[in-house]
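Take a look at the structure below.
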Ligand SMILES: [Zn+2]
């Protein structure tokens with residue numbers, strides 16, 4: 001991977017990025033013209049007044065660009081990128097049982113890797129530098145290998161599915177095997193690539209996991225501090241089935257198994273009961289808002305204002321391409337803002353608060369707020385430079401309004417992760433896009449053929 005520099009050669013004292021307007025997302029939410037000194041270790045050494053001389057540093061010209069912290073998506077499914085468009089017009093449980101689970105079960109390591117590469121290409125090109133991923137049940141090493149080679153900051157793990165209605169044999173596992181595989185993968189990958197790769201326990205949701213599996217990951221996470229990533233209360237029928245089975249609401253059920261607290265990330269949380277929001281605020285449990293997915297699967301609208309007013313940390317994610325059809329954090333930000341206005345009135349959750357979802361709040365959810373989520377000395381140089389030279393960028397007012405409501409993935413010019421430039425002038429440096437798309441296409445045909453799915457059917 002290339003180290004950042006405009007000429008391809010870093011200085012002995014790193015690189016200075018000059019000329020940009022920087023949205024720091026620091027405590028004071030400082031926005032202004034700043035230069036950024038990036039050390040050879042990939043960390044931000046200092047945020048400088050423009051023109052400050054730095055001896056021995058290469059210079060990177062970012063004149064006219066806006067630099068923001070690398071965006072964080074705290075809920076994605078890289079294993080589903082190949083399945084875009086293959087499970088349309090179904091509510092959640094049918095969407096899973098009729099198509100997505102069988103498709104996931106038809107992956108082999110090569111098709112899974114092709115799916116991950118395709119997803120990461122879209123993510124990096126759009127300025128997402130960190131993800132929390134839910135893997136599928138098998139072949140999880142392929143996901144980590146892809147993340148390692150492409151340069152994205154990746155936290156994820158194998159999905160646990162040791163019970164549940166209509167879980168295909170290709171995915172169902174015993175509890176002990178699921179947990180043993182999780183242990184093996186955590187040992188192998190957690191902390192790899194200089195800490196850029198991290199393991200997360202991923203019990204898929206209450207309906208696919210035994211209490212033993214849920215308690216098993218809770219106990220592990222308590223011991224080793226690794227993140228737990230699961231789905232909860234996405235749709236009313238899912239919540240109702242959990243309540244019928246356990247005699248208490250979904251999020252409360254997870255809590256009773258020990259899945260709660262600052263190491264727990266719940267995707268969706270569209271249908272929490274009032275006391276569950278209080279529990280989450282008390283425990284420090286995170287929730288991830290997935291606007292496109294929630295709208296497309298007809299799940300509902302997250303009570304964003306209630307979560308925020310209660311002090312629950314809310315992050316953002318595009319979910320999988322099989323439900324949202326894209327992995328673009330900018331679209332998710334815009335939709336989050338629009339939905340908040342619809343639900344609570346314009347400005348009640350303002351653009352700055354919405355932008356936090358994909359930056360500092362996302363970093364918090366991943367347990368990485370000391371490392372990413374803002375542009376400050378000592379943090380990793382995970383940065384995104386976007387153009388101001390587009391019709392949609394022309395206008396006045398708040399920079400946050402521009403970022404949330406008027407920025408597109410195609411406005412992203414440069415992206416760095418840990419100081420390595422992974423997108424330069426709108427092109428990937430770690431993947432060949434044409435090859436990535438061709439491999440994904442071939443892999444999609446292989447997986448579909450295994451299930452007899454006609455890819456050309458409308
Ligand atoms: Zn999901």
request  = Mind pulling the angle between the C-alpha long axis of helix 236-246 and the longest principal axis of the chain? Nearest 10 degrees, somewhere in 0 to 90.
outcome  = 60 degrees
ask   = What is the antiparallel percent of DSSP beta bridges lying wholly in the chain, to the nearest 5?
value = 45 percent
note = So, with points 7 Å from each Cα along the Cβ direction, the residue 13-residue 93 label distance in nm works out to 6.4 nm
message = Given axes a ≥ b ≥ c from the Cα gyration tensor, I'd like to know whether the range 193-249 is rounded (a/c under 1.5), prolate (a/b larger than b/c) or oblate.
response = prolate
note = Reduced to Cα centres, the span from the range 381-458 to the range 157-179 in Å works out to 32 Å
request  = Please report the relative contact order for the range 121-275, taking Cα pairs under 8 Å with a sequence separation of at least 6, and give it as a percent rounded to a whole number.
outcome  = 19 percent
note = Taking the alpha-carbon centre of each part, the distance from the range 4-74 to the range 216-232 in Å is 35 Å
query = Given that compact globular proteins tend to follow 2.2 N^0.38 Å, what is the ratio of the alpha-carbon Rg of the range 78-365 to that value?
reply = 0.91
Beta bridges by DSSP in the range 1-108, antiparallel share as percent, to the nearest 5 = 65 percent
query = Can you give me the relative contact order of the chain as a percent, contacts being Cα pairs under 8 Å and 6 or more apart?
reply = 21 percent
remark   = With Cα coordinates, the longest principal axis of the chain makes an angle with the long axis of helix 211-224, in degrees rounded to 10, of 30 degrees
query = Is the shape of the range 267-328 rounded, prolate or oblate, going by the alpha carbon gyration tensor and its root eigenvalues a ≥ b ≥ c, with a/c under 1.5 for rounded and a/b larger than b/c for prolate?
reply = prolate
request  = Quick one: grab the alpha carbon gyration tensor of the range 231-305, order the square roots of its eigenvalues as a ≥ b ≥ c, and give me rounded if a/c is under 1.5, else prolate or oblate depending on whether a/b is larger than b/c.
outcome  = oblate
remark   = Taking r as the C-beta separation of residue 295 and residue 184 and R0 as 41 Å, the FRET efficiency to the nearest 0.05 is 0.60
Efficiency of FRET between residue 59 and residue 376 - r from beta-carbon atoms, R0 22 angstrom, step 0.05 = 0.55
ask   = Sorted by packing (mean other beta-carbon atoms within 10 Å per residue), highest first, where do 101-110, 311-320 land?
value = 311-320, 101-110
ask   = Between residue 275 and residue 410, what is the spin-label point distance in nm, taking each point 7 Å from the Cα along the Cα→C-beta axis?
value = 5.1 nm
remark   = With -39,500 (n - 2.57) per DSSP H segment of 4 or more residues and division by the full residue count of the chain, the 222 nm estimate, nearest 500 deg cm²/dmol, is -10500 deg cm²/dmol
ask   = Angle between the Cα long axis of helix 175-189 and the longest principal axis of the chain, 0 to 90 degrees, nearest 10?
value = 10 degrees
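Here, each number is a calculation from the coordinates, and none is a lab measurement. Only a predicted model underlies this, so the values are computations on that prediction, with no experimental measurement involved. Using ideal geometry, Cβ is built from the backbone for each residue, glycine included, and neighbour counts are taken over all protein chains shown.
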